[in-house]
Amino acid sequence: MADPVADFKQGARASWAAGDWDAVSRVVAPVGPRLIERVGLEEGMDVLDVGTGSGGTVAIPAAQRGARVTGSDLTPELFEHAGRRAAEAGVDVEWVEADAEDLPFEGESFDRVLSTFGHMFAPRHERAGAELARVCRPGGIVGTVTWTPEGFSGAMLPTIGGYVPPPPDFAQSPLLWGSEEHVREMLEPQGLGLDFERQTVAIEDDSVEELVSMYEENFGPLVMARAVVGDRWPDLRQDLARLFQEWNAADDGSVRIEAEYLVTVGRKQAD
């Protein structure tokens, strides 16, 4: 019998494995160290990076600060880049294939459980939220970074989504994780006291055309969308170029988009 949830996750894995996530991740690289500073990190702490990708945003910077780091991701194809980047940085990180809705770790295993644009793409938010809290030690912190629905990604993701088949009913929008109200509903029942802050990261390139090309060649979901939409691809590409220009804050022919994200810091009650 077909398992729609398993099928959805297999599709998600294929999507993130397409293109070159390592190239795209460099756009958001500044976000990880900001989150690490926000949650506080001491040498010797056990840190889990959920949805680590190629590791350069949180896992490797945390290891460089002396933490014992595990980077988990649904898409182990990304670990080739992750391992290379960790070796170049001179740090050790344990890479583990893992579903954010069913993390393969004992409860209360980590002092810091972090996720930058990772867990938000798990389809069932209550399960993902419960797992983040479960593996966090009492007195520890769950720290997440998620795109807001009002920000640039809140416009880009639906633009792509408008050209591809809709997700199944059980798959909640990842952009809900950018709403404080939704995050409270997911995490406060798990015993986390929450603080929020909105920040932006600059997405920059030499021109709108260069930025569109970077995304179409490297951003896995867009690579997959191009294969699906066929003859409609020029329309989708044009819509993206128009969107990028609408959000462009530069006036010298280059492109600079200030993409808003929500920082959530959840402190787990000590025993």
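Bear in mind these aren't lab numbers, they're just calculated from the coordinates by the rules spelled out. Computed from a prediction, not measured in an experiment: that's the story for all the values here. Please note: Cβ atoms are built from the backbone with ideal geometry, for glycine as well, and neighbour counts cover all protein chains shown.
General remarks:
- Global geometry of segment 143-207, whether rounded, prolate or oblate, following the gyration tensor of its Cα atoms and the 1.5 cut on a/c: oblate
- Put simply, the chain fits an ellipsoid with semi-axes of 29, 21, 19 Å; these come from the alpha carbon gyration tensor as the roots of five times its eigenvalues, largest first.
- Where only C-alpha atoms are counted, convex hull volume of segment 118-180 per residue in Å³: 88
- Between residue 206 and residue 94, the contour length at 0.36 nm per residue exceeds the Cα-Cα span by 36.7 nm.
- Whether segment 192-261 is rounded, prolate or oblate, judged on the alpha carbon gyration tensor where a/c under 1.5 counts as rounded: oblate
- Computed helical MRE - 222 nm, the chain, DSSP H runs ≥ 4 contributing -39500 (n - 2.57), nearest 500: -12000 deg cm²/dmol
- Long hydrophobic helices in the chain, taken as whole DSSP H segments with a C-alpha length of 18 Å or more on their own axis and mean Kyte-Doolittle hydropathy at least -1.0: 4-17, 233-247.
- Within segment 1-154, antiparallel bridges make up roughly 5 percent of the DSSP beta bridges whose residues both belong there.
- Whole-Å distance, taken between Cα centres, linking segment 216-260 and segment 1-26: 20
- With 5 Å bins beginning at zero, the pair-distance distribution over Cα atoms of segment 18-160 amounts to 2, 11, 20, 25, 21, 13, 6, 2, 0 %.
- Within segment 110-207, the chymotrypsin sites (Phe, Trp or Tyr not before Pro) that combine a DSSP coil assignment with at most 11 other C-beta atoms in a 10 angstrom radius are 170.
- Each Lys or Arg adds one and each Asp or Glu subtracts one; over the other residues with Cβ under 12 Å from the Cβ of residue 164, this totals +2.
- Linear extension gain, residue 106 paired with residue 227, 0.36 nm per residue minus alpha-carbon span: 39.6 nm
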